[in-house]
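Reading through the structure tokens given below for one structure.
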Amino acid sequence: MKIDILTLFPNMFQGFLTESIIKRAIEKKLVEINIIDFREYSLLKHKRVDDTPYGGGAGMVLMCEPVVRAIDDLRRDDSLVILTCPQGKTYQESVARKLKDYHHLIIICGHYEGYDERIRNFVDLEISIGDYILTGGEIPAMAITDSVVRLIDGAINKESSTDDSYTNNLLDYPTYTKPAEFRGLKVPDVLLSGNHKKIKEYRLNEQIKKTKEKRPDLLEDKND
Ligand SMILES: C[S@@+](CC[C@H](N)C(=O)[O-])C[C@H]1O[C@@H](n2cnc3c(N)ncnc32)[C@H](O)[C@@H]1O
């Protein structure tokens, strides 16, 4: 898989690409991630990419030209172009699982006041990572990339992703590690029993119980 991320702040991705699971996935050649500065596609003096909004108002708006030139240059027949945007569809694990099957994702990070509205005509999908406003699309782009890359075969232990929260619309079961007792809080006996059938049953029951308590909406959403 290839992921191209268009941003005005490439340095923000430095730690993200050089640590932990993402770093290993790149090294294993499971994914190629390119961080591309929009300014490369500006035709203006000083590589300018934004301007003031028509009609007045606060902030700077990203212009069509550099963004659309970048899309035209990078897009292939099998690409999906994603606009990070608080007005988009709220991101979910089910979307990450669909994105994982694309060969090429292009993710566009806005900044400042946002984009020229006409840019929406050149993208395939608008994604919001929640009902709040960030200063830019870099953190959403990292969130999308991270959630997709960990689903690629070989990126992490398969078992850990199949039990995770939101797989099968259930939250994950509770996990514990040593010691068996901490400040009077004990690990459930069944997990120390060595009885794998009982452990499996216990975990599924806990998943259902937790989901009913914390996210009952997920159980109503079974067909999503
Ligand atoms: C300050 S925001 C612009 C917000 C825009 N004026 C609005 O109210 O819809 C700048 C950029 O950050 C990114 N962004 C901010 N919050 C986001 C969110 N919740 N999900 C996805 N992207 C977000 C987008 O790329 C956006 O263009």
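The values are calculated or read from the model by the stated rules, or taken from the named source; none is laboratory data. Predicted, not measured: the structure shown is a model, and the values here were computed from it. Note that each Cβ is placed from the backbone with ideal geometry, even for glycine, and that neighbours are counted across all protein chains shown.
Would you say I129 is surrounded by 15 or more Cβ atoms within 10 Å (Cβ to Cβ), more than 25 Å from E65 (Cβ to Cβ) and modelled with pLDDT of 95 or more? Yes. One residue is enough: does the stretch 182-192 have a residue meeting the conditions among the aromatic types (F, W, Y) and in contact with a helix residue (DSSP H, G or I) (Cβ under 6 Å, 6 or more places away or on another chain)? No, the stretch 182-192 has no match at all.
Only one of D189, D124, D172, D101 is within 16 Å of the ligand (Cβ to nearest atom), without any contact (Cβ under 8 Å) to a residue 60 or more places away in the chain and among the charged types (D, E, K, R). Can you tell me which? First the steps, then the outcome.
Working: D189 fails: within 16 Å of the ligand (Cβ to nearest atom); D172 fails: within 16 Å of the ligand (Cβ to nearest atom); D101 fails: within 16 Å of the ligand (Cβ to nearest atom).
Answer to the check: D124.
Only one of E65, E93, E113 is in the same structural domain as L30 (by TED's automatic domain parsing), among the acidic types (D, E), out of contact with any helix residue (DSSP H, G or I) (no Cβ under 6 Å at 6 or more places or on another chain) and within 15 Å of the ligand (Cβ to nearest atom); which? Within the list E65, E93, E113, the selection yields E113.
Using the structure shown, decide if I152 is loosely packed, with under 11 Cβ neighbours inside 10 Å and either touching a Lys or Arg at 6+ places or on another chain (Cβ under 6 Å) or of a type in the set (A, V, I, L, M) (or both).
On the way: loosely packed, with under 11 Cβ neighbours inside 10 Å: no; either touching a Lys or Arg at 6+ places or on another chain (Cβ under 6 Å) or of a type in the set (A, V, I, L, M) (or both): yes.
When the stated conditions are applied, I152 does not pass them.
Scanning the stretch 95-120 for residues that are at pLDDT 95 or above and more than 17 Å from A70 (Cα to Cα) yields V95, A96, R97, K98, L99, K100, D101, Y102, H103. Of all residues in the stretch 189-208, those being surrounded by 13 or more Cβ atoms within 10 Å (Cβ to Cβ) and over 20 Å from D164 (Cα atoms) number 1.
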